[in-house]
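Step one of this worksheet: look at the structure below.
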Amino acid sequence: MQAKVSALRSRKVEVPILFVPPHIKKSQIYLPGNGEILVDDSIKNIVDWEQKGGNGIYFSEELEAPTKVRKIKSLKEII
């Protein structure tokens with residue numbers, strides 16, 4: 001977690017960063033309802049997030065994802 005925070009902060013990303021334990025849906029910890037953005041490497045998390053009203057972005061260097069999911073391979077694409 002610390003490595004992720006350090007990497008994002010060093011790139012001037014200053015939005016809140018929330019960490020969720022495995023086996024708990026991110027949408028259970030933070031309730032997306034106004035298009036909040038989740039960047040995640042799990043399609044399952046993205047789909048759940050979007051079903052709850054959020055805006056999901058799939059993060060993968062391979063970019064293998066269903067066509068209905070927005071995909072990025074670098075955080076530079078959204079920063």
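The values are calculated or read from the model by the stated rules, or taken from the named source; none is laboratory data. In this text the structure is predicted, and so the values were computed from the model without any measurement. In case anyone asks, the SASA skips ligands and DNA or RNA and just uses the protein heavy atoms, side chains included. Shrake-Rupley method; radii C 1.70, N 1.55, O 1.52, S 1.80 Å.
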Fill in the blank from the handout: Order by accessible surface, 1.4 Å probe, largest leading, for residues LYS4, LYS26 comes to LYS4, LYS26
Completion exercise
Measure of exposure for ILE29: accessible area at 1.4 Å probe, Å² rounded to 10, is 90 Å²
Problem - Extension reserve of the VAL15-SER60 stretch, reckoned as 0.36 nm per residue once the Cα distance is removed - result: 14.1 nm
Problem - Carbon/sulfur fraction of accessible area - the range 1-62, other protein chains in place, 1.4 Å, % - result: 55 percent
Fill in the blank from the handout: Projected onto their principal axes, the Cα atoms of the range 4-59 stretch, largest extent first, over whole-Å spans of 32, 24, 19
